[in-house]
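Remarks on the structure that follows.
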Amino acid sequence: MHDNHCHDRPLQRCGCSGSRIERFIEPCLLLLLLEKPAHGYDLMERLKEFGFDGENQDPGVVYRNLRRLEDEGMVRSEWDTSGPGPARRLYEVTSEGKELLRAWVEVIRQNIATLKSFSERYDALGDLQ
């Protein structure tokens, strides 16, 4: 059954691999920024905790999401010139971003419940698996 399945394809093209993790970057960025303001590089390092590493982590995706979130008023940034080297943007979540994160958490919790139900139903099949 698995001979023609997507398990032989690269993960980024597989529909069952969880490759849509890039959609999960928005709530992750908001959560990380709620924990503490951060620079883009620091956020990329901390995103690894949520599975954004290797092929799943593209710095361009991180910065495009930060820019979009800033354009939408969910985060704000200012230039940080306090450290050595060139100035870097320091990002922090806004009150609107906190509201968006709360909405994301509700969706994520609903998805967890749905996935748990799916998993339990599969497990209940026992030998039919």
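Identify the residue in segment 65-98 that is surrounded by fewer than 15 Cβ atoms within 10 Å (Cβ to Cβ) and hydrophobic (A, V, I, L, M, F, W, C) and, among all such residues, is nearest to residue 27 (Cα to Cα). Among residues in segment 65-98 that are surrounded by fewer than 15 Cβ atoms within 10 Å (Cβ to Cβ) and hydrophobic (A, V, I, L, M, F, W, C), the one nearest to residue 27 (Cα to Cα) is 79.
Residues that are of a type in the set (D, E, K, R), without any contact (Cβ under 8 Å) to a residue 40 or more places away in the chain and closer than 25 Å to residue 68 by Cβ within segment 78-129 comprise 78, 96, 99, 102, 106, 109, listed in sequence order. Of the conditions (1) surrounded by 12 or more Cβ atoms within 10 Å (Cβ to Cβ); (2) among the small types (Gly, Ala, Ser); (3) part of a helix (DSSP H, G or I), residue 117 fails just one. Which one is it? For residue 117, the failing item is (1).
Looking only at residues in segment 45-64 that are assigned to a helix (DSSP H, G or I) and surrounded by 18 or more Cβ atoms within 10 Å (Cβ to Cβ), the one that is modelled with the lowest pLDDT is 56.
Residue 77 meets all of the listed conditions (1) assigned to a helix (DSSP H, G or I); (2) within 21 Å of residue 99 (Cβ to Cβ) but one, namely (1). If you filter segment 32-44 down to residues that are without any contact (Cβ under 8 Å) to a residue 12 or more places away in the chain and surrounded by fewer than 12 Cβ atoms within 10 Å (Cβ to Cβ), you find that the one that is nearest to residue 103 (Cα to Cα) is 35.
The values are calculated or read from the model by the stated rules, or taken from the named source; none is laboratory data. Bear in mind the structure is a predicted one, so any value in this text is a computation, not a measurement. We place every Cβ from the backbone using ideal geometry, glycine too, and count neighbours over all the protein chains shown.
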